[in-house]
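Engineer: What follows is a single structure, and I will ask about it in a moment.
The values are calculated or read from the model by the stated rules, or taken from the named source; none is laboratory data. Since we're looking at a predicted model, the values are computed, not measured. Ideal geometry is used to build each Cβ from the backbone, glycine not excepted, and the neighbour counts take in all protein chains shown.
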Amino acid sequence: MNMRNIFFTVMALVIASLFIACGGAAPVANNSVERKPANITAATPAVDPKADEAEIKKLMDTAQAALQKGDADAMEKIYADNYSIVNVDGTKQTKAERLASIRSGEVKYTAFAYSDANIVITPDGNSANVTVKLAMKGRSRENLWMATIT
């Protein structure tokens, strides 16, 4: 066999393998829902990790500025509905409680800064894991505190 025949034979095997791997759905049983093969998905937007990372950094910058200014309205847009926090003194707050403490001035940051951000976007682009070093100064319920959290 010459190289041309070998090449076409290999290409035919590759194409046949693709057809087999992407084969049609299995026969549908009585009254069952037809399912698509696992390798066929609905139109999923392309994931752009760099753009997602930039969006997360922008959100972090917005949160940092809002917390330094005590802007609870901005933080209300950032915090998820199921947000909760365990404070430096060990108390836990829900989103509503946290926003109320920011609005009332009970929690006041004099400095709040993120550094050493490590952002990992999931392959599907639906979530991310962010770890940062956090340096903050402020007060809560008349207690002054300063913390660096890694």
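Engineer: Just one of the numbered conditions (1) within 20 Å of the chain's Cα centre (by Cα); (2) part of a helix (DSSP H, G or I); (3) modelled with pLDDT under 90 is not true of Thr44; which one?
Structural biologist: (2)
Engineer: Scan the stretch 93-110 for residues that are under 9 Å from Gly70 (Cα atoms) and surrounded by 15 or more Cβ atoms within 10 Å (Cβ to Cβ) and jot them down. Even if it seems obvious, please write down each step before you answer.
Structural biologist: Within the stretch 93-110, the subset under 9 Å from Gly70 (Cα atoms) is 102-103, 105, 107-109.
Hits for the stretch 93-110 are Ile102, Arg103, Val107, Lys108, Tyr109.
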